[in-house]
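Chemist: Sharing a structure here in structure tokens format.
The values are calculated or read from the model by the stated rules, or taken from the named source; none is laboratory data. Remember, predicted model here, so these are calculated numbers, not experimental data. Heads up, the Cβs are rebuilt from the backbone with ideal geometry, glycines too, and the neighbour counts pull from every protein chain shown. We work out accessible area using only protein heavy atoms, side chains counted, and drop any ligands, DNA or RNA first. Shrake-Rupley method; radii C 1.70, N 1.55, O 1.52, S 1.80 Å.
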Amino acid sequence: GMDSYLMDYNRVTVPSFDLLRDAAAYDSRKEAVGVSANNESVQVWTPQGRHKLSCSLYNAVARELKSHVVVPCYDMALESESKKRRENASRRCDAWLNEFVKDRDPSDGTTFWAPIVLGLEGEDRELPVSPSLDGIVFIGKTSGVGLSSQLKSHLANMRPTDTIALLSARSTLDFIEAARVGVN
């Protein structure tokens, strides 16, 4: 449950695990087990060992937290990983978003921002379209010289009323550039 003193604040629920770093930090056996995920779940390393996190469980937890905004689960792949791994991560992002939309209860008042992971295969794919979509959050690498061309092309197709967020920026200049090109 949510601590009562937090209830007055605007809250955003975002999956914040890093599959590769968490495995390195918490796999006491150092078995070098790779990332294990499918369209229904992901194996997450914690201080208590490896656990299966399903989209349904994450969605139920997000509802229980009574967040104002929820970012559904997403999968990221490093640029150094194989093309197949990046393509699978892209498909998995889409599948997890569809699972979230299917499980979502519009009457609970929670809004959601669809995650768009920068740098995955299929970068030219269309933005998610859903009548319940309240915004987009861009996740991943932005270039040191400014935001990636992928981000700029997505922003050109957004509606003026859409919430557009950037999950992280590597520098103050990237943050300022994001605001300049339309991230609100």
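Chemist: If each residue of separation counts as 0.36 nm, what is the full-extension length gain between Asp134 and Thr111 once their alpha-carbon separation is subtracted?
Modeler: 7.7 nm
Chemist: Working out 0.36 nm times the residue gap between Ser36 and Lys102, then minus their Cα-Cα distance, what length gain in nm do you get to one decimal?
Modeler: Going from the current span to full extension adds 21.4 nm.
Chemist: Follow-up question, since we're still on this one. Just to verify a number: FRET efficiency for Arg50 and Arg170, C-beta to C-beta distance, R0 = 22 Å, to 0.05?
Modeler: E(calc), rounded to 0.05, equals 0.15.
Chemist: Could you go through the range 49-60 in sequence order and give the Karplus-derived ³J(HN,Hα) for each residue, using 6.51 cos²θ - 1.76 cosθ + 1.60 with θ = phi - 60°, rounded to whole Hz, and x for Gly and Pro?
Modeler: After applying 6.51 cos²θ - 1.76 cosθ + 1.60, I find x, 8, 9, 7, 10, 8, 4, 4, 5, 4, 4, 5 Hz.
Chemist: Okay, next question. How much FRET efficiency would the formula 1/(1 + (r/R0)^6) give for His68 and Asp22, where r is the Cβ-Cβ distance and R0 is 30 Å, rounded to 0.05?
Modeler: 0.70
Chemist: Okay, next question. Keeping all protein chains in place and using 1.4 angstrom, which order do Tyr74, Tyr26, Tyr9 fall into by accessible surface area, from largest down?
Modeler: Result of the area sort, largest leading: Tyr9, Tyr26, Tyr74.
Chemist: Using only protein heavy atoms and a 1.4 Å probe, report how much of Ser80 is accessible, in Å² to the nearest 10.
Modeler: My reading of the accessible area for Ser80 is about 100 Å².
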